[in-house]
Amino acid sequence: VTTVDLIVSALTAPSTGAEGQTISVTDTTKNNGPGTAPASNTALYWSTNSTYDAGDTYLGSRSVPSLAAGASNSGSASVTIPSGTCTGTFYIIAVADGDKVVLESNENNNTRSKSIKIWVDLTISAVTAPATSGAGKTISVTDTTKNSGGCPAAATTTKLYFSSNSTWDTGDAYLGERAVPALTAGAT
């Protein structure tokens, strides 16, 4: 009778990221069975859903020492978010006994997943304009448009409006616009 049952009892990773970025993933692997588990590894995968399957991309693994009944081992691994994964919610899946070498009483409870969002997020990180002016006068306005997200952004347009408050709404007067070139993640 097999008395070992390895599970991933906890999994932490950043909630957002960028393609090609190296992130730290921490898991806690536990022996949920009454027997002693031999040394194993916990594997990490990248997925478009929270269920581990053969189509998931292997990211790396970490070694787990032998675990007595009820014992746990926590550790971290640095992994790189695969290129080509932009704009959306993805999942990091940890698989206890990633090499499937430990005979367990339950082979169907070895995974845990954590979502991570990858997206484009254009923000205005700075705006400068004269503190005072007059009706009908021409002024110079400078802005800094930033891609705060984790994916490259296509070329866009930043539009300027005149408002009586700090919130843009449909009643604000359009002043002009400027073209913003394509921006890589984090670029301004």
Practice prompt. Note down the magnitude of the dipole of segment 90-188 about its Cα centre, charges +1 on Lys and Arg C-beta and -1 on Asp and Glu C-beta and zero elsewhere, to the nearest 20 debye.
Written response: 340
Response to the item:
Counting only residues 5 or more apart in sequence or on a different chain, those whose built amide H sits under 5 Å from that of Tyr161 are Leu175
Worksheet item: With the dipole of the chain worked out from charges on the C-beta (+1 for Lys and Arg, -1 for Asp and Glu) around the Cα centre, which of Leu122, Ser105, Ser72 lies farthest toward the positive end?
Response: Leu122
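Charges at C-beta only: +1 for Lys and Arg, -1 for Asp and Glu. How large is the resulting dipole of the chain about its Cα centre, in Debye rounded to 20? Don't skip to the answer; put the middle values down first.
Values: 10 positive and 14 negative charges, 97 e Å.
That gives the chain a dipole magnitude of about 460 debye.
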Practice prompt. Output the relative contact order of segment 132-177, whole-number percent, from Cα pairs under 8 angstrom with separation of 6+ residues.
Written response: 28
Fill in: Where N is the number of residues in segment 115-188, Cα Rg divided by 2.2 N^0.38 Å
1.30
Worksheet item: Is the shape of the chain best called rounded, prolate or oblate, per the rule: a/c under 1.5 gives rounded, else a/b larger than b/c gives prolate, else oblate, with a ≥ b ≥ c the square roots of the Cα gyration tensor eigenvalues?
Response: prolate
Worksheet item: So what is the relative contact order for the chain, in percent, with contacts set as C-alpha pairs under 8 Å and at least six apart?
Response: 22
Worksheet item: FRET efficiency for Thr89 and Ser63, Cβ-Cβ distance as r, R0 = 25 Å, nearest 0.05?
Response: 0.25
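Could you give the accessible area per residue of segment 1-89, probe 1.4 Å, as a whole number in Å²?
45
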Worksheet entry | Rounded percent of accessible protein surface that carbon and sulfur make up, segment 125-188, 1.4 Å probe | 56
Item to complete: Select from Pro152, Pro38, Pro130 the residue whose mean-square fluctuation is largest in a Gaussian network model of the chain (Cα-Cα springs shorter than 10 Å).
Response: Pro130
Worksheet entry | DSSP-assigned coil residues among trypsin sites (Lys or Arg not before Pro) in segment 102-188, each with at most 12 further Cβ atoms within 10 Å | Lys137
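The values are calculated or read from the model by the stated rules, or taken from the named source; none is laboratory data. The model shown is predicted, which means the values in this text are computed figures rather than measured ones. As a convention, Cβ positions derive from the backbone with ideal geometry for all residues, glycine included, and neighbour counts pool all protein chains shown. To get the accessible areas, we keep the full protein, side chains included, count just its heavy atoms, and leave off ligands, DNA and RNA. Shrake-Rupley method; radii C 1.70, N 1.55, O 1.52, S 1.80 Å.
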